[in-house]
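For reference, the structure discussed in these notes is given below.
The values are calculated or read from the model by the stated rules, or taken from the named source; none is laboratory data. The model shown is predicted, which means the values in this text are computed figures rather than measured ones. All Cβ positions, even for glycine, are placed from backbone atoms using ideal geometry, and neighbour counts span all protein chains on display. Surface accessibility is based on the protein's heavy atoms, side chains included, excluding ligands, DNA and RNA. Shrake-Rupley method; radii C 1.70, N 1.55, O 1.52, S 1.80 Å.
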Amino acid sequence: MEQSPALSGEELAALRERYRLERERRVRPDGVRQYLGADAEFGYYAADPYAGEPAEREPVRDRVDVAVVGGGFGGILAGARLRQKGVRRVRVIEKGGDFGGTWYWNRYPGIHCDIEAHVYLPMLDETGYVPEWKYAPGEEIRRHAVRIAEKSDLYADALFSTAVTSLTWDDTSETWIVTTDRGDKFRATYVVTATGTLSELKLPGIPGIETYRGHTFHTSRWDYGYTGGTPDGGLTGLADKRVGVVGTGATGIQVVPKLAEDAGHLYVFQRTPSTVDVRANRRTTARDVGADRPGWATERRDNFLRIVSGEQVDQDLVADRWTSSAGLLEKLVPSFRRQGDREVFEAAYEAADAAKMNEIRARVDETVTDPETAEKLKPWYRYACKRPTFSDLYLQAFNRDNVTLVDTADTHGIERMTERGVVVGDTEYELDCLIFATGFSVGVSGVHSGRLPVTGRGGVRLQDAWRAHGPRTLHGFTSNGFPNLIQLGGTQSASSVNYTHVLDEHAVHAAALISAAEARGAVVEPSREAEDAWLAVCAQDAPDHEWFHAECTPGYYNAEGRGRPNGPTAYPHGAAAFHDLLRRWRDESVDEVLRARAATADRKV
Ligand code: NDP
């Protein structure tokens, strides 16, 4: 971490007190229960606006080698890496009408990825594709997802507009029975779950939300039929409309400038302001990123991962605000390589944090002309309390006459909704359209929550097996009692801000496990002892972040203000080290998780 000027005792005390007061303004007694899922009467918020009604089809009743649950980048990469290993029948089952996951659902105006495209888009070396902008628009990313799926021949066997409803291990045939909401019931020798962490949209449980009679939708189901335009803007349908947007997270920051350009009047309902750092998007050439050399993308991606995992590198290839603020991610990324003595580290961290947050607040003053609005847009919490955002358009939008910022911190969010609009304090804001940029149930996969029931050997449910002492895995992927089930992007592995990189490493690992099992005629299943040993690795040196998040402003990082569980939930030494460990383990120890198939198992596919 770069050295920042130490704060005086008084400055530090004043800053801590301000952060405490701002947190208290926002903590709600109902915590995570303040949100609603998009089901029952709110089901229309989750309907697929892009695919329309799915075409009728006959239920599938066959057998495949691998069933992959989820067609986002995790599922696509698993499919691609399995193909590279020569696995023939790979069936991806996806709720959406096409591949893409997050990038299928999220098509809101202004959508971009704020991780550099050259490290975010996977398999650039393999596909030969070179992004033209430093930060890619959503549609380019979605098309790249489709490109990998096409090149890997994943369309032929895929089931779209289909949700898996159960996964049940059959001990006799040593296969999984997969059922879906379209009446399918088929067998798979292996199952890879790639159900994502941002797949369940959430709505605020505002009293009266069901009474609102204006037009309304969630940003992950954008209604271009109503707004007109495209993700590039041109929302002509909003020219004479009073539009409200709820939420100022990473999505709100991107969508507000586009709405501001085209809405008759835009009301931005903010509860907590984000940190809005410099974006500096620009065109790039293949030469800028060294794309004329084989392996350039893998090298760049690895360089980025090492920096944001807290490792020392000789050169910063990406050189953006993620990498320059990497030291401040220690509390945000659960697996980050912390340097040196704890007390010295924490003091330096707090000084660097204060310097960064002062810079972020100064940017608001420099950009927003109305001082009262500027004051409301300043974030008062430590940098890692909320996901950082980046924009050179968002703060500027508040200088327009047709944009009003409505601060809802003192009322813990919008108080009430009526037929006509929303109420904050004494004011009812009448709105023709209300858009929820209120995010997702982050980190809650269907497998962990039990929404997707998984039944393993001897009829044991995964949820029951993990109820008493929490999840038990080897490396986060496999579990005793659940043979040939490989979970991607799960707990007890290592994560990072460049999530597609994490998913790709996990996909490579899943494909290697399956290919080794096929070569040996074996079943993939770790022993209880292997799980115990891995849990011990995760618990040993697990950083204590609980106190930090307990003092943070509420959000999904701290269960809306309650702190977060401090169990052995992640490999503690960083994602780059985790990937190195997996590679070594595959070379030396993969046999540990392979056991002979039962002689009776039917191997015919
Ligand atoms: P978030 O959960 O980050 O933000 C939700 C917003 O809704 C917050 O500002 C929240 O306020 C606000 N909110 C919730 N309830 C109320 C209420 N009752 N009244 C007023 N405001 C309310 O969702 P996003 O969709 O913005 O982002 C989700 C995740 O998606 C990100 O964290 C990121 O991981 C990913 N993402 C990544 C992008 C990228 O470029 N890589 C781009 C967009 C999203 P409060 O903060 O007070 O809770």
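Using only Cα atoms, find the angle between the long axis of helix 73-84 and the longest principal axis of the chain, and express it within 0 to 90 degrees, rounded to the nearest 10.
Between helix and principal axis, roughly 30 degrees.
Work out the charge dipole of the chain with +1 on the Cβ of Lys and Arg and -1 on the Cβ of Asp and Glu about the Cα centre, then indicate which of His144, Tyr349, Val424 is farthest towards its positive end.
His144
Could you let me know the centre-to-centre spacing of segment 398-433 and segment 265-301, using Cα atoms, in angstrom?
31
Ordered by packing density, taken as the mean number of other Cβ atoms within 10 Å over each peptide's residues, highest first, how do 394-401, 270-277 rank?
Order by mean packing, descending: 270-277, 394-401.
Please give the Cα centre distance for segment 509-584 versus segment 435-496, rounded to the nearest Å.
Using only Cα atoms to place each centre, the spacing works out to 12 Å.
Which residues does a label at Thr179 reach in segment 35-73, if reach means a backbone N under 11 Å from a point 7 Å past the Cα toward the Cβ?
none
Would you mind telling me the antiparallel percentage of the DSSP bridges in the chain, rounded to 5?
So the antiparallel bridges amount to about 45 percent of the total.
Over segment 367-436, average the accessible area per residue using a 1.4 Å probe and give it in Å², no decimals.
Heavy-atom SASA per residue in segment 367-436 reads 41 Å².
For segment 161-230, what ratio Rg/Rh do Cα atoms give with a Kirkwood hydrodynamic radius?
1.18
Say the cut-off is 20 Å between C-alpha atoms; which of Lys331/Lys356; Lys95/Lys185; Lys134/Lys202 go over it?
Violating the 20 Å limit, Cα to Cα: Lys134/Lys202.
Just the number, please: carbon plus sulfur as a percent of the accessible area of segment 1-98, 1.4 Å probe, no ligands or DNA/RNA counted.
Looking at segment 1-98 in its full context, I get 51 percent from C and S.
Would you mind giving the average projected area, over all directions, of the Cα convex hull of segment 462-605 in nm² with one decimal?
With every direction weighted equally, the projected area is 10.2 nm².
Any chance you could list the semi-axes, whole Å, largest first, of the equivalent ellipsoid that the Cα gyration tensor gives for the chain, using √(5λ)?
Semi-axes (√(5λ), whole Å): 39, 29, 24.
Considering the chain, which cysteines have no disulfide-compatible partner, defined as another cysteine with its Cβ under 4.7 Å away?
If one checks each Cβ against the other cysteines of the chain, Cys113, Cys433, Cys538 turn up with nothing under 4.7 Å.
For the chain, take the longest principal axis of its alpha carbons; what is the angle in degrees between that and the long axis of helix 9-26, to the nearest 10 within 0 to 90?
The angle comes out at about 80 degrees.
How large, in percent, is the carbon and sulfur part of the accessible surface of segment 324-426 at a probe radius of 1.4 Å?
The computed percentage sits at 47.
If you average 1/r across every pair of different Cα atoms in segment 1-68 and take the reciprocal, what Kirkwood value do you get, in Å?
It works out to 19.1 Å.
Quick one: 3J(HN,Hα) in Hz for segment 130-136, Karplus 6.51/-1.76/1.60 with θ = phi - 60°, rounded, Gly and Pro as x.
Working through the residues one at a time gives 10, x, 9, 10, 4, 10, 7 Hz.
Taking H as built 1.01 Å from N, whose amide H comes closer than 5 Å to the amide H of Gly244, not counting residues under 5 places away?
Tyr267, Cys433, Leu434, Ile435
With the cut-off at 1.5 for a/c, could you classify segment 315-437 from its C-alpha gyration tensor as rounded, prolate or oblate?
Because a/c hits 1.5 or more and a/b exceeds b/c, segment 315-437 counts as prolate.
Calculate the radius of gyration of the Cα atoms of segment 6-127 to one decimal place, then report Dmax, the largest Cα-Cα distance, as a whole number, both in Å.
Every Cα atom of segment 6-127 included, Rg and Dmax give 22.8, 71 Å.
Tell me, what is the percent relative contact order of segment 84-177, built from C-alpha pairs under 8 Å that lie six or more residues apart?
It comes to 40 percent, rounded to a whole number.
When the dipole is taken about the Cα centre of segment 178-277, and only Lys, Arg (+1) and Asp, Glu (-1) are charged at their Cβ, what size is it in debye, to the nearest 20?
320
Taking the Cα atoms of segment 453-531 alone, what are Rg (to one decimal) and Dmax (as a whole number) in Å?
13.1, 38
Leaving out ligands and nucleic acids, and using a 1.4 Å probe, what accessible area per residue does segment 103-200 come to in Å²?
Averaged over the residues of segment 103-200, the accessible area is 32 Å².
Under a 5 Å amide H to amide H cut-off, with H placed in plane at 1.01 Å, what residues pair with Phe336 once short-range neighbours are removed?
Distant-sequence amide H within range of Phe336: Gly574.
Leaving out ligands, DNA and RNA but keeping every protein chain, what accessible area does Phe345 have, in Å² rounded to the nearest 10, with a 1.4 Å probe?
20
Compare Ser161, Ser199 by solvent-accessible area with a 1.4 Å probe and give them largest first, with all protein chains kept in place.
Result of the area sort, largest leading: Ser199, Ser161.
Treating only the Cβ of Lys, Arg, Asp and Glu as charged (+1, +1, -1, -1), what charge dipole size does segment 289-394 show about its Cα centre? Round to the nearest 20 debye.
400
Name the residues whose placed amide hydrogens come within less than 5 Å of the amide hydrogen of Asp277, ignoring near sequence neighbours (fewer than 5 apart) on the same chain.
When sequence neighbours closer than 5 places are left aside, the close amide H contacts are Thr389, Phe390, Ser391.
How big is segment 126-165 by the Kirkwood estimate over distinct Cα pairs, in Å?
12.0
If the chain between Tyr44 and Asp170 were fully stretched, how many nm would it gain, using 0.36 nm times the residue separation less the Cα-Cα distance?
Length gained, Tyr44 through Asp170: 41.8 nm.
How large is the accessible surface of Lys258 in square angstrom, using a 1.4 angstrom probe and rounding to the nearest 10?
50
What do you get for trypsin sites (Lys or Arg not before Pro) in segment 43-117 restricted to DSSP loop and a cutoff of at most 12 other Cβ within 10 Å of the site's Cβ?
Loop-located and lightly packed - Arg61, Arg88.
FRET efficiency for Ala596 and Arg147, Cβ-Cβ distance as r, R0 = 30 Å, nearest 0.05?
Efficiency at R0 = 30 Å is approximately 0.15.
Tilt of helix 499-520 relative to the longest C-alpha principal axis of the chain, in degrees (0 to 90, nearest 10)?
10
Output ³J(HN,Hα) for segment 397-407: one whole-Hz value per residue in order, computed from phi by the Karplus curve 6.51 cos²θ - 1.76 cosθ + 1.60 with θ = phi - 60°, and x for Gly and Pro.
Karplus values, whole Hz, x for Gly and Pro: 4, 7, 8, 7, 5, 8, 10, 10, 8, 10, 7.
Report, in debye and to the nearest 20, how large the dipole of the chain comes out about its Cα centre when Lys and Arg carry +1 and Asp and Glu carry -1 on their Cβ.
1360
Give me the accessible area per residue for segment 481-547, probe 1.4 Å, as a whole number in Å².
Accessible area per residue, segment 481-547: 29 Å².
Loop only per DSSP, at most 16 neighbouring Cβ atoms within 10 Å: give me the chymotrypsin sites (Phe, Trp or Tyr not before Pro) in segment 218-310, ordered by residue number.
Listed in order of number, the matching sites amount to none.
Could you give the length gained on full extension between Asp288 and Ala539, defined as 0.36 nm per residue of separation minus the Cα-Cα distance, in nm?
Result for the pair: 86.2 nm of gain on full extension.
In percent, how large is the relative contact order of segment 277-404, given Cα pairs closer than 8 Å and 6 or more residues apart?
26
In segment 27-182, with Lys and Arg counted as +1 and Asp and Glu as -1 at Cβ, which of these residues, Thr165, Leu77, Val60, has the Cα nearest the positive end of the dipole, that is, farthest along it?
Positive-most Cα among the choices belongs to Leu77.
For the chain, what is the relative contact order in percent, using Cα pairs closer than 8 Å and at least 6 residues apart in sequence?
20
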